[in-house]
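Right, one structure below, let's go through it.
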Amino acid sequence: MLFTELGLSQKVLSAVDSAGYKEPTPIQAQAIPHVLERRDVIGIAQTGTGKTASFVLPMLSLLEKGRARARMPRTLIIEPTRELAAQVEQNFVIYGQNHKLTVALLIGGVSFDEQNKKLDRGADVLIATPGRLLDHVERGKLLLTGVDIMVIDEADRMLDMGFIPDIERICRLVPFTRQTLFFSATMSPEIQKLTGQFLQNPVQVQVDSKATTAETVRQVLVSSPSTPKDKRETLRREIRAAKNLTTAIVFCNRKRDVSTVHRSLQRHGFDAGALHGDLDQRERMATLAKFRAGELNLLIASDVAARGLDIPAVSHVFNFDVPTHAEDYIHRIGRTGRAGREGDAITIVTSADRKYLSSIEKLIGKAIPTRDGVADTGAAPSGAADAGVSDGSAEAPVSRDAPKETAPRGRRKRGGSRSEAKAEAAPAEKSPAEKSPAERPRRKDEPRSAKSGRGKSRSDSDAPVVGLGEHVPSFLLRPVRRSPESSE
Ligand code: AMP
């Protein structure tokens, strides 16, 4: 399928060409012709599938006819988070480079004045979060009666965030005759009810998130003792070991942990920024801008804050915690491996996480390989290789995996272990995510003797002293062999 077969205008096609896209993604190929036919569309697709362009491109084509009127936007896009709204605005900038359209962004945390001015000038496209949109309506600054096309994006997240009553209100403020485009990664009964209520004779298009996930993202589980300190140590080891890490997002389940992990990583010399709901909008935007510009390699984030972020270059996702909602796992790992690129998703698992893990595996329809499982990675478990121990299982004694130590294999598969031991030893080894790019990790085949003098740990601010040698003993890496309490 070619973009030229979809019915898009010349202006849009030339912008797509400038963006360097060769062919439409499946959601684009399926949705765009229906949008251009003015049908209501339900798109079941997660972020990373190219779904934003699947509505932005045909909207641009349709907007070529007509003009905006003051305070009466012609189209409306509702997004659950400010970041996502800002990102959709960026899409209009990129794909709308040949159009002279006015795009207004109405998000919380920034002044009303600027937003009012934009509305007064007349907006072709209004992108908004629900709360701020309704604030403007209530202040009498905005009329939604001119809206021709309404997009409800990330509806399942709107549901999670409690926005459904706002969405229902907004739908009632927009003309009944509008065209509605509705996107959600999943179709829960509540979401279905919403579409039944507000869409008219919709076509449903779907891209299989399972296939998308499986094809482009290498997923792996890494066992860790469950104390926060141990988990942070496991995380550092995995970051240092990560192969070809350019930028990464580290997900935590709780805001509190976002802050702790962020500070801890900074203390250990990583270029890390934090993103969670308690930070003010300016800070969030500044952190995101730095991350996009590559000034920060690591972004520590909560699910809500990171929702829908489109940062094409994210090479790795680290789950500091296994998400308690299985769908969040799909969203998180969707941050990497986007639009056909390869990516790595590394999930730290403690014994307490098993039940969440099984619902994730059920949802994605496959088992995620563990580092100490032979399947897929074929790697020694993190923490073991460098130390000369095996995969951490009793059935795999030192001697069995010992050759892996010297075999010239992929760094990611073994490097974690090596890095961990190094982290305990001296500050000499830094991952690409650490502050001094000049100080790259030593080569994997470098003798471990280089780690002598391990008495002073650079990670001693929050890592326990390892007293059993230069490695993490294998039993610490095997939740089944350890009672959770014993490590607390
Ligand atoms: P989205 O799912 O909308 O967040 O898009 C994910 C990423 O895919 C964005 O970085 C887009 O720039 C990129 N993208 C969108 N459409 C295409 C395409 N047809 N070919 C290649 N990349 C695309």
Looking at the stretch 9-26, can you tell me whether even one residue there is closer than 18 Å to Val151 by Cα and either open to solvent by 50 Å² or more (accessible area, probe 1.4 Å) or of a type outside the set (Lys, Arg) (or both)? no
Given the conditions (1) modelled with pLDDT under 95; (2) within 9 Å of the ligand (Cβ to nearest atom); (3) open to solvent by less than 20 Å² (accessible area, probe 1.4 Å), every one holds for Phe3 apart from (1)
Quick one: Thr177 ticks every box in (1) touching a residue at least 40 places away in the same chain (Cβ under 8 Å); (2) more than 23 Å from the chain's Cα centre (by Cα) except a single one, so which number is it? (1)
Does Leu62 satisfy the criteria of being open to solvent by 10 Å² or more (accessible area, probe 1.4 Å), away from the ligand (no atom under 12 Å from the Cβ) and touching a residue at least 24 places away in the same chain (Cβ under 8 Å)? yes
Using the structure shown, decide if Lys290 is more than 27 Å from Thr129 (Cβ to Cβ) and modelled with pLDDT of 80 or more. no
Within the stretch 293-333, count every residue that is aliphatic (A, V, I, L, M), under 9 Å from the mean Cα position of the chain (by Cα) and at pLDDT below 80. 3
For Val56, are the conditions met, namely being open to solvent by less than 40 Å² (accessible area, probe 1.4 Å) and either more than 9 Å from the ligand (Cβ to nearest atom) or more than 30 Å from Glu283 (Cβ to Cβ) (or both)? no
Looking at the stretch 248-260, I want the residues that are over 22 Å from Arg292 (Cα atoms) and open to solvent by less than 40 Å² (accessible area, probe 1.4 Å) and have a partner that is of a type outside the set (S, T, N, Q) and assigned to a helix (DSSP H, G or I) with Cβ atoms under 8 Å, at least 6 apart or on another chain. Which pairs are those? Asp257/Pro228
Mind checking which residues of the stretch 136-156 are closer than 23 Å to Val56 by Cα and not in a loop (DSSP other than H, G, I, E, B)? Ile149, Met150, Val151, Ile152, Ala155, Asp156
Assigned to a strand (DSSP E or B) and surrounded by 17 or more Cβ atoms within 10 Å (Cβ to Cβ) - does that describe any residue in the stretch 157-179? yes
Against the condition more than 16 Å from the ligand (Cβ to nearest atom) and in contact (Cβ under 8 Å) with a residue 40 or more places away in the chain, how does Ala68 come out, does it pass? yes
Please state which one of Leu133, Leu173, Leu181 is closer than 22 Å to Val56 by Cβ and in contact with a Leu (Cβ under 6 Å, 6 or more places away or on another chain). Leu133
Residue pairs, Cβ under 8 Å, 6 or more apart or interchain, first in the stretch 31-55 and more than 23 Å from Ile333 (Cβ to Cβ) and β-branched (Val, Ile, Thr), second within 15 Å of the ligand (Cβ to nearest atom) and part of a loop (DSSP other than H, G, I, E, B). List them. Ile32/Leu6; Ile32/Leu8; Ile32/Pro24
Residues of the stretch 261-280 being open to solvent by less than 40 Å² (accessible area, probe 1.4 Å) and outside any loop (DSSP other than H, G, I, E, B), in sequence order, are Val261, His262, Ser264, Leu265, Phe270, Ala272, Gly273, Ala274, Leu275
Checking the structure you have, find out if any residue of the stretch 31-39 is within 27 Å of the chain's Cα centre (by Cα) and within 12 Å of the ligand (Cβ to nearest atom). yes
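The values are calculated or read from the model by the stated rules, or taken from the named source; none is laboratory data. It should be emphasised that the depicted structure is a prediction, and the values quoted were computed from it without experimental measurement. Positions of Cβ are generated from backbone atoms using ideal geometry, with glycine treated the same way; all protein chains shown enter the neighbour counts. Just so you know, the surface numbers come from the protein's heavy atoms only, side chains and all, with ligands and any DNA or RNA stripped out. Shrake-Rupley method; radii C 1.70, N 1.55, O 1.52, S 1.80 Å.
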